[in-house]
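A.B. asks: Would you mind keeping the following structure in view while I ask a few things?
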Amino acid sequence: MPGVTRPRRLSRDAASKSNIADTMESIIQQQAEGEMDSEMEHIMEPTSELGVPEQEDSDFEEPKAAGAKRKRQKKDETMVKKARKVPEAGGGRGRKKKQIDPNAEDQDGSLFEVVKSGKTALQAVVDDWIEGYKSDRDTALLELIQFFIQCSGCKGRITPHMYANMEHAEIIRKMTEEFDEDSGDYPLIMTGAPWKKFKTSFCEFVQVLVRQCQYSIIYDQYMMDNVISLLTGLTDSQVRAFRHTSTLAAMKLMTALVDVALNLSINLDNTQRQYEAERQKNQSKRASERLEMLMAKRQELEENQEEIRNMLTYIFKGVFVHRYRDTQAEIRNICMSEIGVWMKRYPNMFLDDSYLKYVGWTMYDRTGDVRSGCLKCLMPLYEAEELAPKLELFTNRFKARLVEMTLDKEYDVAVAAVKLSTAILKYNEQVLTDKDCENVYELVYSSHRQVAQSAGEFLNVKLFQKDEESMKNVKTKKGKKRSVNTPLVRDLVQFFIESELHEHGAYLVDSMFEVNDMMRDWECMTDLLIEEPGRGEEVMDDRQESSLIELMVCAVKQAATGESPVGRGPNKKLSSRENRQVMEDKTKLTEHFIVTLPQLLAKYSADPEKVANLLTIPQHFDLEIYTTSRQEKHLDTLLRQIQDIIEKHTDTEVLEVCSKCLEAFCQEEYAISGKCQITRSTLIDAQVEKFREAFQDFFAEGEEPDEDEAYALHAALKRVYAMWGCHDLTNWKLWDSLFHIVRMGNEHPELPAELMVKALACCSLAVVWSLQQLNENEPSKEAMLGVKEHLKEMMNACMEALFHTQDRVNEEAFITICDLLIVFSKHMGNPLFAPLIFEPDKHMQAKLSGFVNEKVFIDDDDDETDENIKIEELHKRRNFLASFCKLVIYNVISIKAATDMFKQYMKYYNDYGDIIKATLSKSREINKVATAKTMAKGLTNAFSEVKLEQNNVDRSSEGFIQIKELARRFALSFGLDQIKNREAVAAMHKEGILFALNPMENPDDPNGAPPNVAFLEILTEFCSRLMKQDKKTVVTYLDKHLSHGIPASRSDDWLPLLTYRNSLVQGEEEETVIPPGPGALYKNKVGRPKGGRHKKRGAAVPEASGFQTPAGRMGGPQTSTAIKRPRHDEESVGSDNLSEQGSERDFQDSTMNISHISQASWLAQKQQESLRQQQQQQSYGRVTRGRPPAPPGQMSMMSPGSNVSIGSFESPQSIPPQRPRFDEPSSHIVSSEVDMQHF
């Protein structure tokens, strides 16, 4: 930083030695008016500090200003030297260095090797080094300096001659020159257990060294001066390894010095107390010698403390102030981690606004780990009651940023920010305003579980604190004492209502479940619902009761299963302790609700919403307790209530939950199953009988059904469907009646849609249950024939219903067809069921695809429609699309049927992009070539639509640009492996060329470009996916289809062809030409550059009257002077500073670094025909040598060891390796090696 000079290694002349304490006094004076102002009003958010762009792949940072010197200021001659103790054998500070044997060499037992091996205790290693230092401090210090150099990964060796005659800056410069450039690894970032252990040992070594030297050696003004000087110089290095290692060492050194300063402070306080105690004694009892000794000891401790403080200040200003804004995130993170330790351990010096401001500024860092490190270093400070008051000014200044970080995109940072907000709240509730708290409240509904649970803890501290005193005398109307959690449950219900997220009660429960025990207080919840309020209590309204029931049911589910809600990440396997807790909770809730659930159902039996929620509770019971605790009477009551609810209600959700409840009770493993199965049979008999009666009444001959009869039949169908969803009703023989409704619905469109829909759903269940009844080992032929007939009838009826006039009917028919096609596909698994496989024909596939186009890909721009309705409609359309995509993914229908769906990828990306992208990926796994052809067909269809709208395609129109964007997305989906996708990309180019050049003749202009030639500009997006040798083959294929060549007029219509062909020949050494076509008008001369017959490589040929094909700019390869940029891998995709390989950005970046290419000369004269043939033979003959010529119209894909044509789309099992021939150029060989200079 300006005004601060850096220390250098002390010279041999005693007179030139500087006292570090005196130097620090000078530095402090210079900085008195500088940036270390303790007043928080002067704290400003940094601009240049945090504005340094992070270069994660560069090991160098930009050099500092030339004025930042590394040498320490010379001592002012007027300043008084202070006496210091020195080791007897080590010599004083003014002594010359001992001459070191120049022939001495470090052996394998160096400090680095010893620390790296980890076989020797670091305490013993440091003690041995101290002994060596006392006997020969120069040799020991050389060993220590070499240790830091080796820990940085530098293999350079500091010779005794270098140490004796060179300054630290010169040594560092020499080591930088000798640094290994071939590898970017160094010990601190190398992976593997040994290197992780080494990092720990390295940090521990520095701290043990200071701890063992704290009583004498660190004050000898030699060892610490040299170590601090070396580390400060290394932290200024451009080499990342040096900066990283030395910064870590300097920060750990400072942490160790903080411990020393803390011990000195404690000893000084003890000495002062002893001195005061001795001085207050009577004159007769006072020992003057002891007073003098204590006074001398106090003076020595004060001097030592002052020198340690100076060291700390110097390291902070010389290292921390620069490295906390280093370009490397790990270095910035080290600084933040250590400053938190200093503030915690030595608050008298470091817990000050002049130091806290650096943490506040760094909270704006661009890297999540650094932001997280800032919050972690603040957490212990806010949690300590004695330290939190000192943070008041800092909190007020950076409170807005702290609250803002709770919404950080990095979940770890958000979690730490919420926890820090909780700590601040515990310290002082008045610091955070209501608006600040509301921002955190909303996070209890976050999809990230750790964030939500942290917010739940914040919510618990703020709103849900027990007050046992206020609940001592609160009772119900009947005199039952209320639980202490009663007001908390009321507040939770009110919070849930006010949040207006009534469909996410499970998320709120999960956030609070482990924080507050009220979530398991079942008695408190049921008492609020069942017991009448006592004196002074408020009556819960209907909305509050519904919300309480919903929260209670969610808590029951989580307690009984231990699973978090859907959408909060995968459920991890429970530990044995967690399983025990789940079993205990399940037992307790079962024992409680066995008794109280019938009472709740009796009270709310008329409310469908409450009943549907309450009946999910028995599904989480431990049903054995009915038997073991002799609670059969409560089971009988519950079964009767379920029967009554089914009789009374027609709500689908209520009926389905009743059916699921009976399903759970009827499982054979429980003793109560017999009784429950009898109840189920009785219930089904009653509902089937009602259905038959309603059916006969509705379809009575000669009578027109009225609304009551339609309602009765609909209600009966809903009950039958609900029961059939969980129980097999095949034995009740309902198929004929149900299918009659379906047939009548197709014949008479005026039939109520709800009857048709339910009948279709019931018939679908009947077919699936009949399949389930088949014997897997020996299926009956008659039974299989019956299933097949029903399936065929069902499919025919559904296909007819697809064209029904009522939307609800054809939508249900579509879903039914998709579901049955999946069930009866070739993936059934049992070969005995092969006769039941149903394969859709092309007509059915076309109808299904047409339904998707008509019902899914529609614009919903009606602003008057309610947003909730729009969301429901979008969800329904997504369900239709997902059902269709399942058919593609499971290879039930052809991939070609998805052509129109792929075409809509970009237009409806926000609504269906995730579904289409997943389908595209799965389709490629089935057949890459077929998928590529389907994508090409989708592009050509979209192009044809634009052409039809515009009559003549405008390449600048929005429609054309959207097709190009769609092509770009398709190109990115091919990934990075060119060999694996080779034939698929070739198929894409073949289909595109055939479409663009067919027909070749333009009906409007005989000399004009083909009508579809503009499609080649779209096809250009896929050129980067071709291998180099395949580009030549595609050029040949393109040339063969250019039967008429290019007319001399060179209109803009031909530009897409020029652009496409230029993309294929970029970077080729040989100049390629388009063959002239018969009957066309050609140019008479060939343009050549001046000065020679042959064109130079990379030169461009300007033509006065022709188009010049675009070419990239020259960009020479750039390499690091220390460590080469590593090759991109898949894990680096998504980095802020790196473009994804194969992405659009990567393609654009790469075009800035390719060399100038030869512009294609479009030769016109027929006498150049022979020259063209010669060039083609030279270009391609070497690759095709030894192979038969390709047949006409078929272009050969030049791959090593394979002969694949663009017209053949069968992917080879593998590409056999082939040794390169010495007479072939290396450009025709697929190499696995990568030129690192391009990275």
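A.B. asks: Within the range 624-642, can you find the residues that are part of a helix (DSSP H, G or I) and either among the hydroxyl-bearing types (S, T, Y) or open to solvent by 20 Å² or more (accessible area, probe 1.4 Å) (or both)?
C.D. replies: Passing the criteria: E624, Y626, T627, T628, E632, K633, H634, D636, T637, R640, Q641.
A.B. asks: Could you grab the pairs with beta carbons closer than 7 Å, sequence gap of 6+ or different chains, first residue in the range 822-844 and hydroxyl-bearing (S, T, Y), second one surrounded by 11 or more Cβ atoms within 10 Å (Cβ to Cβ)?
C.D. replies: S825/I837; S825/Y890; S825/V892
A.B. asks: Residues being crowded, with 16+ Cβ neighbours inside 10 Å and in a helix (DSSP H, G or I): count how many of those fall in the range 150-173.
C.D. replies: The number of residues fulfilling the criteria is 9.
A.B. asks: Go through the range 833-844 and report how many residues are outside any loop (DSSP other than H, G, I, E, B) and surrounded by fewer than 18 Cβ atoms within 10 Å (Cβ to Cβ).
C.D. replies: 5
A.B. asks: Let me confirm something: among K419, K435, which residue is open to solvent by 60 Å² or more (accessible area, probe 1.4 Å), among the basic types (K, R), without any contact (Cβ under 8 Å) to a residue 60 or more places away in the chain and more than 22 Å from C374 (Cα to Cα)?
C.D. replies: So the residue among K419, K435 that is open to solvent by 60 Å² or more (accessible area, probe 1.4 Å), among the basic types (K, R), without any contact (Cβ under 8 Å) to a residue 60 or more places away in the chain and more than 22 Å from C374 (Cα to Cα) is K435.
Matching residues to (1) modelled with pLDDT of 85 or more; (2) more than 29 Å from E306 (Cβ to Cβ); (3) aliphatic (A, V, I, L, M):
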site	(1), (2), (3)
E105	no, yes, no
R137	yes, no, no
Q146	yes, yes, no
I149	yes, yes, yes
I158	yes, yes, yes
T176	yes, yes, no
D180	no, yes, no
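A.B. asks: Here's another thing I want to ask about it. A932 passes all but one of (1) under 13 Å from F1022 (Cα atoms); (2) aliphatic (A, V, I, L, M); (3) open to solvent by 60 Å² or more (accessible area, probe 1.4 Å); which number fails?
C.D. replies: It is condition (3) that A932 fails.
A.B. asks: Count, please, the residues in the range 394-416 that happen to be over 18 Å from A452 (Cα atoms) and either open to solvent by 70 Å² or more (accessible area, probe 1.4 Å) or out of contact with any Leu (no Cβ under 9 Å at 6 or more places or on another chain) (or both). Please lay out each step first, then the result.
C.D. replies: Taking the range 394-416 and keeping what is over 18 Å from A452 (Cα atoms), we get 394-401.
Checking the rest, the ones that are also either open to solvent by 70 Å² or more (accessible area, probe 1.4 Å) or out of contact with any Leu (no Cβ under 9 Å at 6 or more places or on another chain) (or both) come to 396-397, 400-401.
Of the residues in the range 394-416, 4 are over 18 Å from A452 (Cα atoms) and either open to solvent by 70 Å² or more (accessible area, probe 1.4 Å) or out of contact with any Leu (no Cβ under 9 Å at 6 or more places or on another chain) (or both).
A.B. asks: State all residues of the range 665-678 that are in a helix (DSSP H, G or I) and out of contact with any Phe, Trp or Tyr (no Cβ under 8 Å at 6 or more places or on another chain); if no residue qualifies, say none.
C.D. replies: F665, G674, K675, Q677, I678
A.B. asks: Check the range 785-807 and report whether any residue there is under 44 Å from the mean Cα position of the chain (by Cα) and farther than 30 Å from K903 by Cα.
C.D. replies: Looking for residues that are under 44 Å from the mean Cα position of the chain (by Cα) and farther than 30 Å from K903 by Cα, one finds none in the range 785-807, hence no.
A.B. asks: Report the residue count in the range 851-869 for those that are exposed (fewer than 13 other Cβ atoms within 10 Å of the Cβ) and assigned to a helix (DSSP H, G or I).
C.D. replies: Here the count works out to 4.
A.B. asks: Please count how many residues of the range 971-1011 are more than 19 Å from D1030 (Cα to Cα) and part of a helix (DSSP H, G or I).
C.D. replies: Matching residues across the range 971-1011 total 2.
A.B. asks: I'm trying to understand the selection: among the residues of the range 599-619, which are under 20 Å from Q677 (Cα atoms) and surrounded by fewer than 20 Cβ atoms within 10 Å (Cβ to Cβ)? Steps first, answer last, please.
C.D. replies: Pass one, the range 599-619, residues under 20 Å from Q677 (Cα atoms): 615-619.
Within the range 599-619, T616, Q619 qualify.
A.B. asks: Being at pLDDT below 95 and closer than 14 Å to K886 by Cα: is that true of M901 here?
C.D. replies: yes
A.B. asks: I need the full set of residues from the range 270-300 which are in a helix (DSSP H, G or I), open to solvent by 80 Å² or more (accessible area, probe 1.4 Å) and without any contact (Cβ under 8 Å) to a residue 12 or more places away in the chain, in order please.
C.D. replies: Within the range 270-300, R273, E289, E292, M293, Q299 qualify.
A.B. asks: Continuing with the same structure: Applying the selection to the range 882-929, what residues are open to solvent by 20 Å² or more (accessible area, probe 1.4 Å) and of a type in the set (S, T, N, Q)?
C.D. replies: Passing the criteria: N891, S894, Q904, N910, S921, N927.
A.B. asks: Test L994 against the stated conditions and say whether it is open to solvent by 40 Å² or more (accessible area, probe 1.4 Å) and among the hydrophobic types (A, V, I, L, M, F, W, C). Step through it out loud before you land on a result.
C.D. replies: On the way: open to solvent by 40 Å² or more (accessible area, probe 1.4 Å): yes; among the hydrophobic types (A, V, I, L, M, F, W, C): yes.
It is true that L994 is open to solvent by 40 Å² or more (accessible area, probe 1.4 Å) and among the hydrophobic types (A, V, I, L, M, F, W, C).
A.B. asks: Further question on the same structure: Could you look through the range 507-516, keep only residues that are in a loop (DSSP other than H, G, I, E, B) and out of contact with any Phe, Trp or Tyr (no Cβ under 6 Å at 6 or more places or on another chain), and pick out the one that is least open to solvent (accessible area, probe 1.4 Å)?
C.D. replies: Ranking the qualifying residues of the range 507-516, first place goes to F513.
A.B. asks: Please verify whether the range 777-797 includes one or more residues that are more than 22 Å from N731 (Cα to Cα) and in contact with a helix residue (DSSP H, G or I) (Cβ under 8 Å, 6 or more places away or on another chain). Even if it seems obvious, please write down each step before you answer.
C.D. replies: Filtering the range 777-797 for residues more than 22 Å from N731 (Cα to Cα) gives 795-797.
Next, from what is left, pick out any that are in contact with a helix residue (DSSP H, G or I) (Cβ under 8 Å, 6 or more places away or on another chain): 795, 797.
Yes, there is a match, as at least one residue in the range 777-797 is more than 22 Å from N731 (Cα to Cα) and in contact with a helix residue (DSSP H, G or I) (Cβ under 8 Å, 6 or more places away or on another chain).
A.B. asks: Now, a different point. How many residues are farther than 26 Å from D128 by Cβ and either open to solvent by 10 Å² or more (accessible area, probe 1.4 Å) or not hydrophobic (A, V, I, L, M, F, W, C) (or both) when one looks only at the range 194-243?
C.D. replies: So the first thing to find is which residues in the range 194-243 are farther than 26 Å from D128 by Cβ, and the list is 232-233, 235-243.
Still in the running and either open to solvent by 10 Å² or more (accessible area, probe 1.4 Å) or not hydrophobic (A, V, I, L, M, F, W, C) (or both): 232-233, 235-238, 240, 243.
So the answer is 8.
A.B. asks: Counting just the residues of the range 582-624 that are under 23 Å from Q544 (Cβ atoms) and of a type in the set (D, E), which one comes out farthest from the chain's Cα centre (by Cα)?
C.D. replies: Filtering the range 582-624 for residues that are under 23 Å from Q544 (Cβ atoms) and of a type in the set (D, E), the one farthest from the chain's Cα centre (by Cα) comes out as D607.
A.B. asks: Here's a follow-up. Just the residues that are in a loop (DSSP other than H, G, I, E, B) and more than 23 Å from D517 (Cβ to Cβ), please, taken from the range 539-571.
C.D. replies: Hits for the range 539-571 are V539, D541, V566, G567, G569, P570.
Residue by residue, here is whether (1) hydroxyl-bearing (S, T, Y); (2) farther than 25 Å from E578 by Cβ; (3) open to solvent by 50 Å² or more (accessible area, probe 1.4 Å); (4) in a helix (DSSP H, G or I) holds:
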position: S447; (1), (2), (3), (4): yes, no, yes, no
position: Q453; (1), (2), (3), (4): no, no, yes, yes
position: L459; (1), (2), (3), (4): no, no, no, yes
position: L492; (1), (2), (3), (4): no, no, no, yes
position: M518; (1), (2), (3), (4): no, no, no, yes
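A.B. asks: Separate question: In this structure, does D225 turn out to be acidic (D, E) and in a loop (DSSP other than H, G, I, E, B)?
C.D. replies: Criteria not met by D225.
Per-residue answers, yes or no, for (1) open to solvent by 10 Å² or more (accessible area, probe 1.4 Å); (2) touching a Cys at 6+ places or on another chain (Cβ under 7 Å):
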position	(1), (2)
D644	yes, no
E647	yes, no
S659	no, yes
E663	yes, yes
T679	yes, no
A686	yes, no
F695	yes, no
D706	yes, no
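A.B. asks: For the range 137-149, which positions are of a type outside the set (V, I, T) and open to solvent by 30 Å² or more (accessible area, probe 1.4 Å)?
C.D. replies: E143, the sole residue that qualifies.
A.B. asks: Now a separate question. Within the group E537, E532, which residue is modelled with pLDDT under 90 and either more than 21 Å from K472 (Cα to Cα) or open to solvent by 40 Å² or more (accessible area, probe 1.4 Å) (or both)?
C.D. replies: Result: E532 is the single residue among E537, E532 that is modelled with pLDDT under 90 and either more than 21 Å from K472 (Cα to Cα) or open to solvent by 40 Å² or more (accessible area, probe 1.4 Å) (or both).
A.B. asks: If H804 satisfies every condition in (1) closer than 17 Å to F838 by Cβ; (2) part of a loop (DSSP other than H, G, I, E, B) but one, which is the exception?
C.D. replies: (1)
A.B. asks: Any residue in the range 146-171 that's over 14 Å from D236 (Cβ atoms): show its pairings with residues that are of a type in the set (G, A, S) and part of a loop (DSSP other than H, G, I, E, B) at Cβ separation under 6 Å, as long as the two are six or more apart or on different chains.
C.D. replies: Listed pairs, sorted by first residue: P160/A104.
The values are calculated or read from the model by the stated rules, or taken from the named source; none is laboratory data. Computed from a predicted model, the values in this text were never measured in an experiment. Here the Cβ is made from the backbone with ideal geometry for all residues, glycine too, and neighbour counts use every protein chain on show. Accessible surface is based on the protein model in full, side chains and every heavy atom, while ligands, DNA and RNA are left aside. Shrake-Rupley method; radii C 1.70, N 1.55, O 1.52, S 1.80 Å.
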